[in-house]
Amino acid sequence: MGVGPRVVVMKSSQGEMGVGFRESMGWGDVGLFGGAWISQRPGSRYALVALFALFALFALLVMAGGPAGAADLDSTPTADEATPDEATADESTAGDGTADDRKADDRTADERIAALEEQVKILAAELSAERVAVAVPEDSEFDPVWGVGPSASKVYRQDGGLSIGGYGEVRFQHDPKKDDIFDALRAVLYVGYKFSDKWLLNSEFEFEHGGQSNVYVEFLNLDYLHSEALNFRVGLILLPMGFVNQLHEPTFYYGASRPEVELTIIPTTWRENGAGFFGRLNSRITYQVYAVTSLQGKKFNASGFRGGRQKGFKSLANDWSFVFRTDFEAARGLDLGASVYYGNQGQGQELENIKVGSLTTTIYEIHAEYKLHGITARALFSQAFVDNPNALNAGIEKITPMVSTGYLAETLLGGYVEVAYDVLPLLLPETRMSLEPFFRYERLDTQASMQGDTYARSLEFDQHIYTTGLQYKPIPQVVFKLDYRRAVQESGGALLSEQVQFGAGYVF
């Protein structure tokens with residue numbers, strides 16, 4: 001399914017959420033002794049396990065002949081309790097003792113204590129596992145919820161308390177014109193906490209390039225869950241644009257590198273401080289709308305908007321922008337969606353003592369995904385418009401007077417299509433593994449049109465990008481990727497870059 005329609009419907013009460021989660025886990029609606037209420041609250045589960053542990057210990061002590069009257073509960077009848085036939089048999093063998101008595105005598109006190117200790121260890125392990133399960137739920141569902149990735153969505157399925165998740169990836173790149181690079185690309189930890197059935201905190205902490213380069217808070221959401229149709233969010237927000245910006249875990253996208261269009265026109269990973277609303281209008285339509293601090297327009301250039309991201313760090317808030325997204329489940333396996341971003345990006349700044357102006361920017365994208373019968377197909381088109389970019393270009397010219405190609409365009413555009421097919425079920429119908437050959441074609445031009453003739457466009461920013469490869473998942477949470485990537489110039493077909501890439505990633 002696509003980004004939006006995969007959203008899991010949130011329940012309006014904690015009890016209903018607990019039941020839905022238990023059903024997804026295969027627990028059913030009713031707990032032991034018919035007590036569905038027991039499994040809805042972590043404290044009740046602890047009490048239930050502790051109660052069974054005490055009961056089991058007492059039973060073991062009784063069966064082992066411990067001090068709590070075990071001799072009176074011995075299964076061997078006494079002479080007074082025995083039937084006449086049994087009494088006669090006992091009298092005839094009184095001198096030698098019965099066979100049962102001899103077996104009982106063979107069981108020493110040390111053996112009984114060892115057996116009890118083993119049972120206590122088992123019960124303690126079960127109680128510990130129950131406590132861990134409350135804090136770190138099992139990976140029962142790996143679907144995104146309310147604009148965050150599958151692993152980050154665990155907190156929404158909990159009755160309450162702490163939730164832990166994460167993902168990571170490494171990547172090897174071979175470029176004939178550059179050094180080979182093997183990079184611990186990122187390691188990410190999701191931390192969520194559900195205060196009540198209405199309030200929760202969700203966050204992502206990212207360590208890039210082995211922790212030697214960047215350490216970021218990728219998002220920090222404080223959510224108020226009012227109803228299915230209307231919920232509130234404030235914090236450091238992932239902008240809801242495209243496929244990858246919100247759902248960027250390595251098991252989601254194909255290839256060792258994310259699509260170039262979603263790194264340039266949509267500057268993934270793009271997050272800004274802000275607030276807004278999200279929800280589901282009916283069974284097929286979802287929406288997200290936020291007001292966020294704008295980009296720093298003076299850092300725009302010929303490659304696009306990526307340098308202008310503020311990332312929540314002491315963000316300039318002289319200008320604000322608005323972003324809106326909606327997704328629609330058009331048919332089984334087919335999801336359609338669109339988003340738009342609009343606002344001034346100048347932030348009242350100057351470049352080389354030249355005012356950059358408002359730099360009013362509009363970015364929109366439309367996307368579609370089909371996922372059914374082993375086929376995954378995605379398509380995305382995006383376009384951006386910047387008002388009066390030459391105000392910024394005058395400042396860029398003062399910095400690099402001899403360079404005539406690094407200027408911001410009035411129009412930027414890009415799009416891609418990709419298709420993958422899981423061939424492994426053809427060979428192993430019952431397997432959980434997947435093996436998907438895939439192909440992606442991208443068209444990207446970050447200088448599609450310039451403002452007037454003052455600053456010329458460069459052909460190197462108008463390119464075709466081809467990526468073909470293989471993706472293997474031994475289990476749904478682990479992925480290995482191998483691909484070949486080639487970028488060529490639109491005019492004349494000159495080779496701009498080519499790479500062989502290997503990637504490995506995980507999610508939990």
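The figures follow:
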quantity	calculated
Separation in nanometres of the label points that stand 7 Å from Cα toward Cβ, at Ile399 and Val340	3.1
Contact order normalised by residue count of segment 151-507, Cα under 8 Å, 6+ apart, percent	14
Relative contact order (percent, whole number), segment 260-391, Cα cutoff 8 Å, 6+ residue spacing	20
Gain upon complete extension [His174, Ala379; 0.36 nm per residue less C-alpha separation]	71.1 nm
For segment 322-460: rounded, prolate or oblate by the Cα gyration tensor [a/c cutoff 1.5]	prolate
Gain upon complete extension [Val417, Asp387; 0.36 nm per residue less C-alpha separation]	7.9 nm
Gain on full stretching of the segment that runs from Leu470 to Ser303 - 0.36 nm per residue minus C-alpha separation	57.2 nm
Using a Förster distance of 25 Å, the FRET efficiency for Ala229-Phe322 (Cβ separation, nearest 0.05)	0.80
Prolate/oblate/rounded call for segment 151-507, Cα gyration tensor, a/c under 1.5 rounded	oblate
Projected-area mean, segment 188-286, by convex hull of Cα positions, square nanometres	7.6
FRET efficiency, 1/(1 + (r/R0)^6) with R0 51 Å, evaluated for Ala114 and Leu424 via beta carbons	0.60
Computed over segment 234-290: relative contact order in percent, which uses C-alpha pairs under 8 Å that are six or more apart	39
FRET efficiency for Ser497 and Leu201, using Cβ-Cβ distance with R0 set to 51 Å, rounded to 0.05	0.80
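Every read-out reported here was derived from the displayed coordinates using simple, explicitly stated rules and does not represent laboratory data. Keep in mind that this is a model prediction, so the values were computed, not measured. Methodologically, a virtual Cβ is constructed for each residue, glycine included, from the backbone with ideal geometry; neighbour enumeration extends over all protein chains shown.
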